[in-house]
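Below is one structure, written out as structure tokens; the observations come after it.
Derivation of every value follows stated rules applied to the coordinates shown; laboratory data play no part. These figures come from a predicted structure and were not determined experimentally. Glycine also receives a Cβ, built like all others from the backbone with ideal geometry; neighbour counts cover every protein chain displayed.
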Amino acid sequence: MPYLNEGGNLAASKTFTHSECFRPFRSLPQMTNRSPARLSLLFLPVFALFSMPVAAAAQDFEPALGPAEPFSFETLAEEAKALSQKPFEPYPVEHPELFEAIDYDAHWKIMFRKDHTVDVGDAPVQFFHQGRYFKEPVRISLVEDGEAREVLYSADYFTMPDDSPAKAVEDFAGWAGFRVMRPDMKTDWISFLGASYFRTDGPDKQYGLSARALAVDTGLARPEEFPRFTSFYLEKDDKPGDSIVIYALLDSKSVAGAYRIEAENEDGEGQVLHITSRLFFREAVERLGVAPLTSMYWYSETHRNMAFDWRPEVHDSDGLEVVTGSGEQIWRPLNNPPRVVTSSFFDENPEGFGLIQRDRNFDHYQDDGVFYNRRASAWVEPEGDWGRGAVQLVELPSDDEIYDNIVAYWLPEDLPEAGDERDFSYTLTWAKTAPPNERLAETTASRIGRGGVPGQPRPGDQVKVVVDFSGPAVEGLTAEDGVEAEISVGGGAEVINAYAMPIVGTDDWRMTYDLKFDGTADTIDVRAYLSEGGEPLTETWLGQFHPRQFAPH
């Protein structure tokens, strides 16, 4: 797989990036007129239901529980292993047509009764009702003193209109998922709903991107497999503050697994999840995504030409950040590509990666309804030996903000075969941004415009690229300090008129260059950074360009 070596030439290595392009494997879902709803281009459930309303006042409540059973993470892993040795059996949903009738509007009107909130230690827990997008129920149990007891479903946990289609399923419905509330019961800080999806609301209490337990065959030219959490076990966390321990059983056609998630919330700072997983494979997997993150990117200041909308930017995340095992920090601005594109960043034991919302300035979004400037960033820090592999970024074309079209995950080089076992542990932090780098300046903006010189005929095969950097490494430097723009392109284009200058009136620096396409490649990868005396001053900026998106109309 190619990368750009120190000389700026393509070479074979485990690092840098390789892009694969696919035609979308299915057309976009039908549009909806409800902008708060979010559809994944890979998985269709709407996540606005993570913020469904509650009703009534809080009271001490004792839920009806099933019989006690011995429980530990070890017994859960043994159950997953035994499950993997049997043929996969999808859950048989009773009367699916009745759940299909519980659409977005009907689901939104099903209100959880706050006086039925279940306390897991100091963590208030509320449940979600099944519906069109969540037909398969999950078991939810409470763990105490090494024993688990199932919380028995009852329609009494919810209120709904008399004409609600959910009335027809009261006798055989179940839980769709759950969320953990803050002590004041006004908002929730973590939710589990649909397949193996979960997410938190970050430091600014604004839901955005989501995470999954596992991704299987994402971005291939065939439908993706979505492993599903089938059972949850909730346990009191002994640490003070907002915290809970969540165990989950995972199952799908190719894999079964056991998860332990130690979740902590600190208002104003975000959430930290310590995740341990044990996976048992029924079948070989062609593309295994570990610690997958899912987000939305429609357009930003980089791709303002991609949308006709009154807001300057619309996205949950604006870039992929990677810190490699060797310590190189990479920033890859996200794209809304003309086709499905998978980019691989080859590495060994990466320090971390994540989908980041760096731009947190309200003026850059102007949306006072969904507040994209408040969306959380998610950062994965592997624990133990993850070996060789790649951080993969999958970008899908999208024409609206309601679609999740961005996925990032770790792809191990040693892919599992049938009968294999794998363990992965990592810390997943939801914060405003990734851990700061005190040594290098970071990218603050990436912009693209018409190439050439103002006042002269503009070439149709050329774009101007402007990248801004900010941080202690460039503060105080002047144009006389010998700062260089180090730019390499992997073929299909050439770099013209590259230079770097301080931005007047600030401590920031700007790199500017023209990129001239030669018509031989559909995708152009560029690697760039600022240096002084041969030493990098900034993180590595990786830009990916699709020339046909800039063709004159």
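Projecting the Cα atoms of Val483, Ile261, Asn305 onto the charge dipole of the chain, computed from C-beta unit charges around the Cα centre, puts Asn305 farthest toward the positive end. Placing +1 on the Cβ of every Lys and Arg and -1 on the Cβ of every Asp and Glu, with no other charges, gives segment 438-550 a dipole of roughly 680 debye about its Cα centre.
Picking from Ala80, Ser343, Val290, whose Cα lies most toward the positive end of the charge dipole for the chain (charges on Cβ: Lys, Arg +1; Asp, Glu -1)? Checking the options against the dipole of the chain, the answer is Ser343.
Taking the centroid of alpha carbons for each part, segment 486-523 and segment 446-460 are 13 Å apart. Taking the DSSP beta bridges with both ends in the chain, the antiparallel portion is around 95 percent. Across segment 150-276, Cα pairs under 8 Å and at least six residues apart give a relative contact order of 15 percent. Within segment 438-550, the ratio Rg/Rh, alpha carbon atoms throughout and Rh by Kirkwood, equals 0.99. Dipole magnitude for the chain: about 1700 debye, using +1 per Lys or Arg Cβ and -1 per Asp or Glu Cβ, origin at the Cα centre. The relative contact order of segment 438-550 comes to 28 percent, based on Cα pairs under 8 Å that sit 6 or more residues apart.
Counting only aspartates and glutamates at least 8 places from Lys109 when in the same chain, those with an alpha carbon closer than 16 Å to its own are Glu100, Asp156, Asp162, Asp163, Glu170.
Between amide H atoms placed 1.01 Å from N, distances below 5 Å from Thr444 occur with Asp468, Phe469, Ser470, all of them 5 or more places distant or on a separate chain.
Within the shell defined by Cβ-Cβ distances under 13 Å, the residues around Asn437 carry a net charge of -4, with Lys and Arg each +1 and Asp and Glu each -1. About its Cα centre, segment 356-463 has a charge dipole of approximately 820 debye under the convention of +1 per Lys or Arg Cβ and -1 per Asp or Glu Cβ, with nothing else charged. Ordering Ile406, Ile503 by the number of other Cβ atoms within 10 Å of each residue's own Cβ, fewest first, gives Ile503, Ile406. Per-residue ellipticity at 222 nm computed for the chain from its helices equals -1000 deg cm²/dmol, with DSSP H segments shorter than 4 residues left out and the rest contributing -39,500 (n - 2.57).
Count Lys and Arg as plus one, Asp and Glu as minus one, and take only other residues whose Cβ is under 10 Å from that of Thr302; the net charge is then -1. Computed over neighbours whose Cβ is under 13 Å from that of Ala68, the net charge equals -4, Lys and Arg +1, Asp and Glu -1. The largest-to-smallest principal axis extents of the Cα set in the chain are 75, 48, 44 Å. Of the GluC sites (Glu not before Pro) found in segment 265-355, those that fall in a DSSP loop while having at most 15 other beta-carbon atoms within 10 Å are Glu269, Glu286.
Listed by chain and number, the lysines whose C-alpha is less than 27 Å from the C-alpha of Lys464, apart from same-chain residues fewer than 8 away, are Lys516.
Using only C-alpha positions, report the orientation-averaged shadow area of the convex hull of segment 317-365, nm², one decimal.
Across all orientations, segment 317-365 yields a mean hull projection of 4.3 nm².
Candidate cross-link partners of Lys432 among the lysines, defined by an alpha-carbon separation under 28 Å and a same-chain spacing of 8 or more, comprise Lys186, Lys205, Lys236, Lys239. With contacts taken as Cα pairs under 8 Å at a separation of at least 6 residues, segment 18-431 carries a relative contact order of 17 percent.
Each residue of segment 85-102 is assigned a 3J(HN,Hα), and the resulting list reads 8, 10, x, 5, 10, x, 5, x, 6, 7, 6, x, 5, 6, 6, 4, 6, 8 Hz, derived from the Karplus form 6.51 cos²θ - 1.76 cosθ + 1.60 (θ = phi - 60°), x at Gly and Pro. By the count of neighbouring beta-carbon atoms within 10 Å, fewest first, His315, His95 end up ordered His95, His315. Peptides 288-295, 146-153 ranked from most to least packed by the mean count of surrounding Cβ atoms within 10 Å: 288-295, 146-153.
Dipole of the chain computed with +1 at Lys/Arg Cβ and -1 at Asp/Glu Cβ about the Cα centre; of Phe232, Ala376, Gly131, farthest Cα towards the positive end is Gly131.
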